[in-house]
Amino acid sequence: MLDTILNGLLPIAFVIVLGWLSARIGLLKHDDAGVLATLVIRFALPFALFEGAVKTSPEKLHNVGFALCLTLGLMGTYLIALGVGRFVFRHDLRTATMQALVCAFPDMAYFGAPILAAVFGPEGFLAVLVGNLITSIFMLPLTIILTHLGDTDEAGNNGNNSNNRPEILRIFGQSLARAVLNPIVWLPVSGMVLSFCHVTLPGPVLTSVDLIAKSAGGTSLFALGLMLYGERFVINANVLVNLGIKNFLQPGLMALGAVLFGVVGAPAHQAVITGAVPTATAAAMFALKTNTYTTNATATILISTFLGVITEGLLIAYFF
């Protein structure tokens, strides 16, 4: 059991610290993380997910209960956090939307994928694959729409909601199109199609894909360490509630989904471990882009990452 925990978490912590130290001693800058993030999100991780899908049997991919479990955990957390932000903290719609994204968007690319791969092998990418599809097709477009509605409310539209409907549909269509055309969506889907069609790729092709795919884990964690350097350590009611929702409520919802939809064994463990993954750094990027909730977002990510190491260790110890 101890070996499983160390194999899953020690490399994660080690590479994150390396990234943080590289910024601390001046070898790299905080902004350099953006280049590494592009490499991971546009190339390494999409091919890693593609490889995981191709190498996974169709029987494991065709698991509707698993997809529903992840959907409940991800979108259920999003809606709960949105309600908390809107009605408990009395935030405006745009701010509440950013809080929901911070609470519900797990760092599957930087933090989750290396842990799942270390614990479950290539099959562990299944949770990242399905979870990424859910966030790309549902969560992120919804965030863009609600943010736009929040901007409209602030500007004031004299109650003329009918004029906003075509605009909302247009924004949703554009967001969905961008999500589908993103390599992190269509490459894994292509791998799933090949798996369902029982297509076996030639060895040299798989070796070529594997070469770039292997860089996803280490590069993403190093970039995460760079991103965390210099972030403000803030504790307030918003941050504490965010940590409770993200690090504890979301894995709880994943466990509930596993029970409701009959997910057992390794897939159930993958879902719960995915739910306990800390907040994605992409949530802070959304907050910075909209100039909304930035301090609470970055503080949540910073503390959630350290807390995530502990909660993931406890879950691995419990399951194995």
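Derivation of every value follows stated rules applied to the coordinates shown; laboratory data play no part. Remember, predicted model here, so these are calculated numbers, not experimental data. Neighbour counts are summed over all protein chains in view; Cβ atoms, including those assigned to glycine, are modelled from backbone coordinates with ideal geometry.
Across the chain, the relative contact order, built from alpha-carbon pairs under 8 Å that are at least six residues apart, equals 35 percent. Residues of region 100-132 with an amide N closer than 13 Å to a point placed 7 Å from the Cα of ALA317 along the Cα-to-Cβ direction: none.
Arranged from fewest to most other beta-carbon atoms within 10 Å of their beta carbon, ARG94, ARG170 become ARG170, ARG94.
Computed over region 188-320, relative contact order equals 27 percent, with contacts defined as Cα pairs under 8 Å that lie 6+ residues apart. Of CYS69, CYS197, CYS103, the sequence from fewest to most neighbouring Cβ atoms within 10 angstrom is CYS197, CYS103, CYS69. Estimated at 0.36 nm per residue, the fully extended path between ASP31 and SER57 surpasses their Cα-Cα distance by 5.4 nm.
Couplings 3J(HN,Hα) of region 120-129, computed from phi: 10, x, x, 5, x, 5, 4, 5, 5, 4 Hz, in residue order, whole Hz [Karplus 6.51 cos²θ - 1.76 cosθ + 1.60, θ = phi - 60°; x for Gly and Pro]. Between GLY124, GLY76, GLY265, the Gaussian network model of the chain with springs among Cα atoms under 10 angstrom shows the greatest mean-square fluctuation at GLY265. Computed from the Kirkwood radius of its Cα pairs, the Stokes-Einstein diffusion coefficient for the chain at 37 °C and 0.692 mPa s stands at 165 µm²/s.
How would region 16-111 be classified by its alpha-carbon gyration tensor: rounded, prolate or oblate, with rounded meaning a/c under 1.5 and the a/b versus b/c comparison settling the rest? Because a/c hits 1.5 or more and a/b fails to exceed b/c, region 16-111 counts as oblate. With respect to the chain, whose longest principal axis is taken over its alpha-carbon atoms, helix 140-155 is tilted by about 10°. With both labels modelled 7 Å from their Cα along Cα-to-Cβ, the PHE87 to SER190 distance reads 4.5 nm.
The lysine pair tally for the chain, using Cα distances under 25 Å and a gap of 8 or more places or different chains, is 5.
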